[in-house]
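Reviewing the structure listed below.
The values are calculated or read from the model by the stated rules, or taken from the named source; none is laboratory data. Predicted, not measured: the structure shown is a model, and the values here were computed from it. A quick note on method: Cβ atoms are made from the backbone with ideal geometry, for glycine too, and the neighbour counts reach across all protein chains shown. Surface accessibility is based on the protein's heavy atoms, side chains included, excluding ligands, DNA and RNA. Shrake-Rupley method; radii C 1.70, N 1.55, O 1.52, S 1.80 Å.
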Amino acid sequence: MNATKKLDHQVREHAQRLKEVGVAALNGLFDLTAQRLVRLAVTITRNQHDGEDAVQAALLRVANEPGLLSNADYPWAYLLRMVRNEALLVLRRKKRAYPLANLSDLITHCTVDQAEREEQFQAVWKALRKLPSTQSEVVVLKIWEGLTFSEIGSVLDISPSTAASRYRYALEKLARKLNSIGPVESEQATDRRAAV
């Protein structure tokens, strides 16, 4: 069973439990999906708090109507789409986009040479947030969520070929941005290590 199908199954189980037990069962769904959902929402809203608000709104809707997920053909993709829609609503309400200042909150730290890994993650996120959101959300769904272009198309309401082309363009732009800043950052890291 691939990761997406496994996640579909787990999300459906949590939605069924919500139908049976009520809102007390929401914590299981939250624990399973929150970090991933916030990552997508922040990619769209460009703001940590707005992303969290979008996820909260989507999960509140699921808590009130668990059948939305339990009856969906692909519950994980449906939940991603719900969060995306809520994130877009947040943007419309705010009528202006904020720069993404707290994306580092989402970065997972690695115990192997944490400082270097953190710099690499920050460089990737910095480059990612400079992409148009239509491209960055495809990258997040493809790389971090492991969705196919067909699944991404379903979540974003675009064709699979559009999803694939946005992904390709995004990777090209990311590669250019990361290549242009890579040597400078590695020199800075070397200078910091030498100073210690």
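For region 21-61, the average shadow cast by the Cα convex hull is 2.7 nm², which is a quarter of the hull's surface.
When you count the other C-beta atoms within 10 angstrom of each residue and take the mean per peptide, 122-131, 21-30 line up highest first as 122-131, 21-30. When only Cα pairs below 8 angstrom with a gap of at least 6 residues are kept, region 8-77 shows a relative contact order of 44 percent. Counted residue by residue at 0.36 nm each, then reduced by the alpha carbon distance between them, the extension gain from N2 to T162 reaches 55.2 nm.
With a threshold of 18 Å on the Cα-Cα distance, the over-threshold entries among K142/K173; K126/K173; K94/K173 are K94/K173. When region 116-178 is described by a simple charge dipole with +1 on each Lys and Arg Cβ and -1 on each Asp and Glu Cβ, the residue from S154, W144, L174 located farthest towards its positive end is L174.
Taking the accessible area of region 1-82, probe 1.4 Å, and keeping the other protein chains in place, the carbon and sulfur fraction comes to 48%. Report note on the peptides 53-62, 75-84: ranked by the mean count of other C-beta atoms within 10 Å, highest first, their order is 75-84, 53-62.
Counting only protein chain heavy atoms and rolling a 1.4 Å probe, the accessible areas of H9, H14 rank, largest first, as H9, H14.
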